[in-house]
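Rule-based calculations on the coordinates, nothing more; no lab input. All of these numbers come straight from a predicted model, not from anything done at the bench. Backbone-built Cβ (ideal geometry, glycine too); neighbour counts: all protein chains shown.
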Amino acid sequence: MSTLVFYSEFDSFEEWSALLAPRLPGVTICRAETVQNPDEVHYALAWKPPHGFFAPYRHLKLLVNLGAGVDSLVGRDDLPPVPIVRLSDPDMARMMAGYVLFAVLRYARDIPAFERAQREQRWHYLHPRSSSGIRVGVLGLGELGAYTARELARQGFDVRGWSRTPKAIDGIHCRSGLASLNDFLSQSDILVVMLPLTPQTAGLLSADRLSRLPCGAAFINVSRGAIVDQAALTAALRSGQIAQATLDVFEREPLPPGDPLWRMDNVLITPHLASVAIPASAAQQVADNIQRAARGEPVTGQVFPARGY
Ligand code: NDP
């Protein structure tokens, strides 16, 4: 007998177990508090479990992170010595791309200016710009970043992407490595941050790096707040060096009441929901990985703690 233990304060156990049970015959799916025999727990499906969570499960074979971002997991000192996989779900990527497309198009079509004009009952004609003349820089070309970059390219934007290792993606001008970052930033009229939070990316977008953006650039962060120096970003938004920002993630979440970002007209704030795990579309991939692990085969979507993502 095998057991899959589930932990999340955000996701529905009932929904996940109803989707996984028919796909995993012979596997008991339960919450930690109802595990009968910890030695039979071979699989964990978890989002931000408490410290020490894995200790009783000495025969674990696979840990599935219930999300795409693994920064809260990979730095822990209590990780079991088993493969860790993340959710890789096209619907999750589509949801993320939809959010970023909305934010980019909102700036590309000058919608904030029309929102302001409407509040003032003012007819304010701004001649539309062609998307091909707008340079959109996407930092991070992973599962979500590459999907989003392609969707932006389909809309005709001049899309550039930046990653750690070299990439070749049709229709996207790809750069890689830290040495090219300042140049990349200087050519991004709209910057979209889609990097994972790792020791290398924490604080990457410092005051100096933000100052490399073209004056009046727009800034979109859908990855993790700690990648950006939030005080420097706030100052740049105040001075107009960065004209607009759409922020889904913050150094501290929830963004504390009284934070100056709340009251800035040129900032759109959403509460960390650009994309979420979608059980109906992700369940098959989770079940496939569990079956691969059961057969001793390599899993897909593996995360490497030493790399940080
Ligand atoms: P992936 O892990 O698939 O890809 C990460 C990308 O970032 C890769 O292209 C990688 O380069 C690049 N990268 C990593 N480290 C560096 C570095 N030091 N320098 C340059 N590039 C680097 O991530 P996803 O696309 O799936 O997701 C991105 C992030 O989105 C997640 O880590 C998570 O934090 C966030 N997220 C946010 C959500 C929200 O609702 N706001 C929801 C889901 C995820 P390479 O290709 O060379 O490996």
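Here are the numbers:
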read-out	value
Rounded Å value of the spacing that divides the Cα centres of the stretch 1-27 and the stretch 287-308	17
Cα pair distances of the stretch 2-88 binned at 5 Å [whole percent]	3, 15, 27, 29, 18, 7, 1
Cα long-axis angle, helix 143-154 against the chain (0 to 90 degrees, to the nearest 10)	40
Taking the stretch 195-286 and dividing mean pair separation by its residue count, relative contact order in percent (alpha carbons under 8 Å, at least six apart)	26
On Cα atoms only, tilt of 279-295 relative to the major axis of the chain in degrees	50
Helix axis angle, 90-108 relative to the chain longest principal axis, alpha carbon, degrees	10
Only Lys, Arg (+1) and Asp, Glu (-1) charged, at Cβ; the chain dipole about Cα centre in debye	780
Projected area averaged over orientations for the stretch 160-307, convex hull of C-alpha atoms, nm²	11.1
Which of Phe114, Val82, Met96, positive extreme of dipole for the chain (C-beta unit charges)	Phe114
Gap separating the Cα centres of the stretch 68-97 and the stretch 181-210, nearest whole Å	22
Volume per residue that the Cα convex hull of the chain spans, once the total is divided by residue count, Å³	149
Mean Cα-pair separation over length for the chain, i.e. relative contact order, pairs under 8 Å, 6 or more apart, %	18
Value at 222 nm in deg cm²/dmol, rounded to 500, when DSSP H runs of n ≥ 4 in the chain each add -39,500 (n - 2.57)	-8500 deg cm²/dmol
